[in-house]
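The values are calculated or read from the model by the stated rules, or taken from the named source; none is laboratory data. A quick note: this is a predicted structure, and the numbers were derived from the prediction, not measured. Quick reminder, even Gly has a Cβ in these numbers, built from the backbone with ideal geometry, and neighbours come from all protein chains shown.
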C-alpha cells in the first residue's frame, strides 16, 4: 500500500471541493475517495480546520507566489499576459488547485478565513496585472481590474468545462495587447 502524503490529501480536498463543495472537506469522505482510513488523515492533520487551512495556504502560494515568479521570468509584458491567460484556462489541478477557483470563491462566501485568502490573492494578482499593464503603457487603472474581472467571470461561467474560457480569454488578451500597440 502506498503511503499518502499531506499533498495527496490536499489534492483530494481540491477535487472534492470542486465536485461536491466545502461540505465534502471532511476526513471520512476524503478517506473513502482515497481508499484509505481516517487515521491517515489524522496522521497528517490535527483536525479538519487544520486541513482546510493547509488547502488554502497551498492554493494561495500556487495562485500567487509561483505564478508571479513564473511571469517575472518572462521577457515581455505581452508574453506575461498571454502566459497568465493560458494558466487561468488550464485544466483543473494543473497548477495545484487553481482549477478549483470557482469552488474556492463560492466557499469564501461562507468561510471568513477563505474569504480573507481570496482577498489577499486578488490584491496580489491585481498588483501583478497593474505592473504588466503599466509595462504595456496602458495606464488606465481600470484596465487591470476589467481584465481580472473577465478572467474570474469566464472561470465562473465555464461550469466545469475546462476549455470554455480559453478562447474568450485569449480574445480579451489579444484586445489588450492590440490596445497597447496603438499608443
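Checked against the criterion of being loosely packed, with under 15 Cβ neighbours inside 10 Å, at pLDDT below 90 and either under 13 Å from the mean Cα position of the chain (by Cα) or assigned to a helix (DSSP H, G or I) (or both), the range 46-61 has no qualifying residue.
Among the residues making up the range 103-137, those that are surrounded by fewer than 20 Cβ atoms within 10 Å (Cβ to Cβ) and not in a helix (DSSP H, G or I) are 109, 110, 111, 137.
With respect to (1) farther than 29 Å from residue 181 by Cβ; (2) in contact (Cβ under 8 Å) with a residue 24 or more places away in the chain; (3) in a helix (DSSP H, G or I); (4) out of contact with any helix residue (DSSP H, G or I) (no Cβ under 6 Å at 6 or more places or on another chain), the lone exception for residue 100 is condition (4).
Out of curiosity, is residue 64 in contact with a helix residue (DSSP H, G or I) (Cβ under 9 Å, 6 or more places away or on another chain), closer than 22 Å to residue 154 by Cα and part of a helix (DSSP H, G or I)? So residue 64 fits the description; yes. Contact map, the range 67-82: residues that are free of Cβ contacts under 8 Å to residues at least 12 places away in the same chain paired with residues that are assigned to a helix (DSSP H, G or I) and surrounded by 15 or more Cβ atoms within 10 Å (Cβ to Cβ), Cβ distance under 7 Å, separation 6+ or inter-chain. Pairs shown: 74/80; 74/83. Can you report the number of residues in the range 150-159 which are farther than 18 Å from residue 78 by Cβ, in a helix (DSSP H, G or I) and either in contact (Cβ under 8 Å) with a residue 24 or more places away in the chain or within 14 Å of the chain's Cα centre (by Cα) (or both)? The number of residues fulfilling the criteria is 5. For the range 112-141, which positions are free of Cβ contacts under 8 Å to residues at least 40 places away in the same chain and more than 23 Å from residue 60 (Cα to Cα)? If the condition is that a residue be free of Cβ contacts under 8 Å to residues at least 40 places away in the same chain and more than 23 Å from residue 60 (Cα to Cα), then 134, 139, 140, 141 are the ones that fit. For the range 70-91, the candidate set comprises residues that are surrounded by fewer than 19 Cβ atoms within 10 Å (Cβ to Cβ) and more than 18 Å from residue 134 (Cα to Cα); within that set, the residue that is modelled with the lowest pLDDT is 91.
Scanning the range 13-28 for residues that are in a helix (DSSP H, G or I) and under 15 Å from residue 56 (Cβ atoms) turns up 13, 14, 16, 17, 18, 22.
Counting only residues that are modelled with pLDDT under 75 and over 15 Å from the mean Cα position of the chain (by Cα), which one in the range 160-174 is nearest to residue 76 (Cα to Cα)?
Here the answer is 163.
For the range 10-36, give me each residue that is free of Cβ contacts under 8 Å to residues at least 12 places away in the same chain and surrounded by 15 or more Cβ atoms within 10 Å (Cβ to Cβ). 24, 31 - these are the residues of the range 10-36 that are free of Cβ contacts under 8 Å to residues at least 12 places away in the same chain and surrounded by 15 or more Cβ atoms within 10 Å (Cβ to Cβ).
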